[in-house]
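Notes follow once the structure below has been shown.
The values are calculated or read from the model by the stated rules, or taken from the named source; none is laboratory data. The structure presented is a predicted model; accordingly, all values stated were derived computationally and were not measured. FYI the Cβ positions are ideal-geometry reconstructions off the backbone, even for glycines, and counts take in every protein chain you see. When the accessible area is computed, the model is the full protein with side chains, heavy atoms only, and any ligands, DNA or RNA have been set aside. Shrake-Rupley method; radii C 1.70, N 1.55, O 1.52, S 1.80 Å.
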Protein chains: 2
Amino acid sequence: MGDGGDDGRLAARAAAGDAGWSTRDRFRLPPGVIYLDGNSLGALPVAVPPAVADAVEIQWGADLIASWNTHGWWLAPGRVGDRIAGLLGAEPGQLVVTDSTSIDLFKAVIAGARLRPQGRAVVVDPDSFPTDLYMVTAAAELVGLEVRSQAPGRPLAPDTAVALFSHVDFRTGELHDLPAVTAAVHDAGAVVVWDLAHSAGVHPVDLDANQVDLAVGCSYKYLNGGPGAPAFIYAARRHHARLDQPLPGWHGHDRPFAMTPGYVAAPGIDRLRTGTPPMLSLLALEAALAAFDGVPMTAVRERALSLSGLLIDAVDDWCGGEVEVVTPRDPARRSAQVALRHPHAYEVVRALAAAGVVGDYREPDLIRLGAAPLYVTHSDVLRAVRVLADVLSGRQWRNPDFSARNLVT
Amino acid sequence: MGDGGDDGRLAARAAAGDAGWSTRDRFRLPPGVIYLDGNSLGALPVAVPPAVADAVEIQWGADLIASWNTHGWWLAPGRVGDRIAGLLGAEPGQLVVTDSTSIDLFKAVIAGARLRPQGRAVVVDPDSFPTDLYMVTAAAELVGLEVRSQAPGRPLAPDTAVALFSHVDFRTGELHDLPAVTAAVHDAGAVVVWDLAHSAGVHPVDLDANQVDLAVGCSYKYLNGGPGAPAFIYAARRHHARLDQPLPGWHGHDRPFAMTPGYVAAPGIDRLRTGTPPMLSLLALEAALAAFDGVPMTAVRERALSLSGLLIDAVDDWCGGEVEVVTPRDPARRSAQVALRHPHAYEVVRALAAAGVVGDYREPDLIRLGAAPLYVTHSDVLRAVRVLADVLSGRQWRNPDFSARNLVT
């Protein structure tokens with residue numbers, strides 16, 4: 001299927017794909033492992049360990065409280081935010097790094113609803129990541145809105161206040177049509193909130209050009225910020241003056257050190273900040289973003305499609321129909337992650353890991369393999385699918401060691 | 001005044017105070033500096049740099065996604081929470097480390113109000129840290145409650161749902177009577193939320209014995225968790241089954257990896273978790289808490305009073321009435337932090353820092369000097385007050401370099 005009809009053609013495609021630019025040496029990867037789980041936790045950029053050691057030993061240890069000024073801690077959420085904005089097609093001053101994606105969803109949904117006070121409903125894709133559903137439900141109840149489950153692309157009722165969609169489906173890897181869906185939400189008079197958890201750092205997104213209103217996302221997947229690195233929230237500049245978020249804290253205040261009893265929101269994007277940010281995690285993220293230096297997001301997108309296309313074609317050729325490719329084959333509808341369906345997906349993921357190929361599992365029957373373009377090579381992809389084919393054909397997943405359930409897979 | 005009527009007696013008190021146990025060697029302190037700002041950012045424990053390097057290079061870099069299981073990342077919020085609970089007089093299973101103090105205030109106030117659905121008002125001390133006021137106002141508006149400003153200790157109306165008070169006043173350093181105030185809130189049929197930002201790690205608190213309902217606090221002051229280390233939230237076990245917090249995320253779900261669309265809260269304290277925690281900051285905090293190993297909180301409390309008492313007496317003796325001691329002299333009403341009033345407090349703090357004594361400033365006229373008992377010695381305190389006396393008598397604060405305003409002081 002595809003153009004990979006024989007092993008030689010796949011190998012030639014891999015060689016051609018790996019002949020271009022490379023940022024693999026910007027990462028530390030463990031020997032003997034093909035890491036295809038950057039869609040869950042990005043690999044460690046080489047710039048991070050010295051930056052974190054500096055943050056701990058010099059900034060905190062030696063310079064102590066003065067570092068809020070002298071090392072720029074206070075301004076870090078906006079400074080790092082501007083760097084991420086650049087990867088998402090947004091001008092500076094519209095994005096801050098703050099809190100977790102969950103908390104930022106709550107801020108975005110309520111702030112979005114308050115921009116449309118005449119609206120009566122929040123629309124959310126039922127296939128969203130669960131927290132998105134929990135937060136929409138909780139937020140809607142607090143502000144008295146109805147929740148409507150609806151996939152992106154279907155027409156919205158005119159009483160919609162805000163619609164929350166994910167750019168990439170976390171299970172299937174399907175890429176939704178952000179420009180068209182955004183336009184449709186606007187046609188209904190509503191505000192759109194995009195969850196970019198699975199597209200930030202792997203897709204150009206073009207937030208400004210697409211007139212997105214609000215967006216949130218995760219910095220520890222394709223942005224490689226480290227486990228639990230703080231999330232980001234974007235609000236288009238045209239909304240700033242009216243933006244009323246539900247979690248006001250002193251870091252979002254217009255004059256935080258005046259310590260006045262009444263809340264006055266900062267004039268710009270800083271009004272989306274709340275409390276004191278986890279500085280070590282935030283500075284690790286800042287250092288991690290250097291891995292993107294000089295790499296246009298169009299090139300990252302192209303590499304993502306090349307890697308995931310090769311992966312799908314190799315699965316078609318080598319896995320003998322034992323898994324179903326769930327991810328759309330149309331390049332316009334996929335990104336870097338490929339999802340494969342197998343009735344024993346959990347055990348297959350465990351068997352892959354034992355053989356040095358790290359992917360992950362999602363209920364009830366999905367194997368997720370993410371080909372992060374900055375450090376996964378085409379050669380990695382072919383070797384990983386070869387291992388998968390062996391695991392499937394040799395029924396290696398039947399080893400009882402692989403059926404014990406852990407918390408995180 | 002006091003028993004420090006002459007320099008020799010103060011020096012003898014300092015020597016006696018420093019003759020007991022010491023944990024100073026558990027911290028890295030910069031040479032040539034007397035650090036009296038542990039009430040804002042605790043000093044760096046020696047255990048932290050190697051623990052953070054391990055978290056970055058081994059756990060994240062080498063073991064990658066598997067670390068959620070193999071290095072106990074998933075359980076860290078409760079594991080570190082139990083360690084903090086032990087410092088606050090709480091049995092395990094009632095405290096998690098999650099989000100910022102600001103966010104945790106929002107959770108606690110709304111969860112508290114939902115325990116008293118017949119209540120109509122939230123009471124808050126108008127002298128609270130500003131974020132407490134902002135969050136109470138925002139939360140009360142969302143759940144339809146009235147906000148009443150009221151100092152702790154005054155009688156509460158019977159329609160009070162929840163009352164939020166700070167154990168230690170962040171400006172004056174006044175210690176409120178947590179047992180009596182808690183009992184009074186309960187007598188009114190309401191739920192109490194304590195903000196322990198300025199007492200956690202410096203006071204026994206005794207949450208369980210005092211029947212506290214909910215509490216939040218900061219881990220980067222006297223707990224020394226590092227800049228912006230994640231905060232903690234406590235809920236007494238008797239409330240867990242009915243505890244309904246407003247920010248549901250997958251980390252607080254009963255079966256997080258089932259990824260089901262409906263939220264079902266975890267049975268215990270984990271229901272107060274929300275999103276993915278900033279793991280590097282959280283693991284730094286965990287390592288930092290080793291500084292408390294083997295030190296009873298009663299000894300820490302005793303040391304805090306000894307240090308702050310010596311500081312007040314030395315100011316009385318050496319500063320010639322040029323500053324007003326704002327902190328209560330009664331040991332039952334103070335903790336480790338001493339606040340001094342001076343019309344040019346900002347410039348005095350800057351002049352002190354230039355002379356190697358780091359305190360901080362709060363609007364409009366307060367100098368805050370915090371004597372963190374784990375690493376500040378009585379000898380430090382005397383040397384710092386001697387520098388303060390010189391700054392005041394020599395009018396060193398008049399140097400125009402010291403009047404430029406920075407963001408954080």
| remark: Flagged pairs (Cβ under 9 angstrom, 6 or more apart or on separate chains; first in segment A:278-304, within 14 Å of chain B (Cβ to nearest Cβ); second basic (Lys, Arg) and surrounded by fewer than 17 Cβ atoms within 10 Å (Cβ to Cβ)) are A:Glu286/A:Arg79
| remark: Quick count over segment B:330-355, residues being touching a residue at least 24 places away in the same chain (Cβ under 8 Å) and not in a helix (DSSP H, G or I), is 11
| task | Give the residues of segment B:258-273 that are open to solvent by 20 Å² or more (accessible area, probe 1.4 Å) and assigned to a loop (DSSP other than H, G, I, E, B), sorted by residue number. | result | B:Thr260, B:Pro261, B:Gly262, B:Tyr263, B:Val264, B:Pro267, B:Gly268
| note | Taking segment A:52-71 and keeping only residues that are open to solvent by 30 Å² or more (accessible area, probe 1.4 Å), within 24 Å of B:Gly61 (Cα to Cα), of a type in the set (A, V, I, L, M, F, W, C) and at the interface with chain B (Cβ under 8 Å from one of its Cβ atoms), one is left with A:Ala53
| message | Restricting to segment B:248-271, name every residue that is in contact with an Asp or Glu (Cβ under 8 Å, 6 or more places away or on another chain) and either in contact (Cβ under 8 Å) with a residue 40 or more places away in the chain or at the interface with chain A (Cβ under 9 Å from one of its Cβ atoms) (or both). | response | B:His251, B:Gly252, B:Phe257, B:Ala258, B:Met259
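Residues checked against (1) over 30 Å from A:Tyr346 (Cβ atoms); (2) at pLDDT below 95:
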residue: B:Pro256; (1), (2): no, yes
residue: B:Leu272; (1), (2): no, no
residue: B:Thr276; (1), (2): no, no
residue: B:Ala288; (1), (2): yes, no
residue: B:Pro296; (1), (2): yes, no
residue: B:Ile312; (1), (2): yes, no
residue: B:Glu324; (1), (2): yes, no
residue: B:Pro328; (1), (2): yes, no
residue: B:Gln337; (1), (2): yes, no
| request: Kindly indicate the residue of segment B:274-292 that is assigned to a helix (DSSP H, G or I) and small (Gly, Ala, Ser) and also farthest from B:Pro256 (Cα to Cα) among those meeting that condition. | output: B:Ala291
| Which residues, taken from segment A:356-409, are surrounded by 15 or more Cβ atoms within 10 Å (Cβ to Cβ), assigned to a loop (DSSP other than H, G, I, E, B) and within 14 Å of chain B (Cβ to nearest Cβ)? | A:Gly356, A:Gly359, A:Asp365, A:Ala372, A:Tyr375, A:Val376, A:Val408, A:Thr409
| request: Determine if segment B:329-340 includes at least one residue that is more than 20 Å from the chain's Cα centre (by Cα), within 14 Å of chain A (Cβ to nearest Cβ), of a type outside the set (Val, Ile, Thr) and buried (at least 24 other Cβ atoms within 10 Å of the Cβ). | output: no
| query | How many residues are in a loop (DSSP other than H, G, I, E, B) and within 11 Å of the chain's Cα centre (by Cα) if we restrict to segment A:185-206? | reply | 8
| field | Residue in segment A:72-88 that is nearest to the chain's Cα centre (by Cα), counting only those that are touching a residue at least 24 places away in the same chain (Cβ under 8 Å) and open to solvent by 30 Å² or more (accessible area, probe 1.4 Å) | value | A:Arg83
| note | Expected output for segment B:43-65 (first residue within 24 Å of A:Val358 (Cα to Cα), partner among the basic types (Lys, Arg), Cβ below 7 Å, 6+ apart or cross-chain) is B:Gly61/A:Arg28
| message | Looking at (1) in contact with a helix residue (DSSP H, G or I) (Cβ under 8 Å, 6 or more places away or on another chain); (2) within 13 Å of chain B (Cβ to nearest Cβ); (3) modelled with pLDDT of 95 or more, which one does A:Lys221 not meet, given that it meets all the others? | response | (1)
| field | Yes/no for B:Ala209 being open to solvent by 10 Å² or more (accessible area, probe 1.4 Å), assigned to a loop (DSSP other than H, G, I, E, B) and aliphatic (A, V, I, L, M) | value | yes
| said: I'd like to verify a number: residues in segment A:17-51 that are among the hydroxyl-bearing types (Ser, Thr, Tyr) and more than 10 Å from every other protein chain (Cβ to nearest Cβ), how many? | reply: 2
| Those residues of segment A:89-116 which are more than 9 Å from every other protein chain (Cβ to nearest Cβ), open to solvent by 20 Å² or more (accessible area, probe 1.4 Å) and out of contact with any Pro (no Cβ under 7 Å at 6 or more places or on another chain), in sequence order | A:Glu91, A:Pro92, A:Gly93, A:Arg114, A:Arg116
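This table checks each residue for (1) of a type in the set (Ser, Thr, Tyr); (2) touching a residue at least 12 places away in the same chain (Cβ under 8 Å).
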| residue | (1), (2) |
| --- | --- |
| B:Thr131 | yes, yes |
| B:Thr137 | yes, no |
| B:Pro155 | no, yes |
| B:Asp159 | no, yes |
| B:Ala163 | no, yes |
| B:Gly189 | no, yes |
| B:His198 | no, yes |
| B:His203 | no, yes |
| B:Pro227 | no, yes |
| said: I need a count of the residues in segment B:283-324 that are touching a strand residue (DSSP E or B) at 6+ places or on another chain (Cβ under 6 Å) and either open to solvent by 10 Å² or more (accessible area, probe 1.4 Å) or under 25 Å from B:Pro49 (Cα atoms) (or both). | reply: 4
| said: Being open to solvent by 20 Å² or more (accessible area, probe 1.4 Å) and among the charged types (D, E, K, R) is true for just one of B:Asp244, B:Asp195. Which residue is that? | reply: B:Asp244
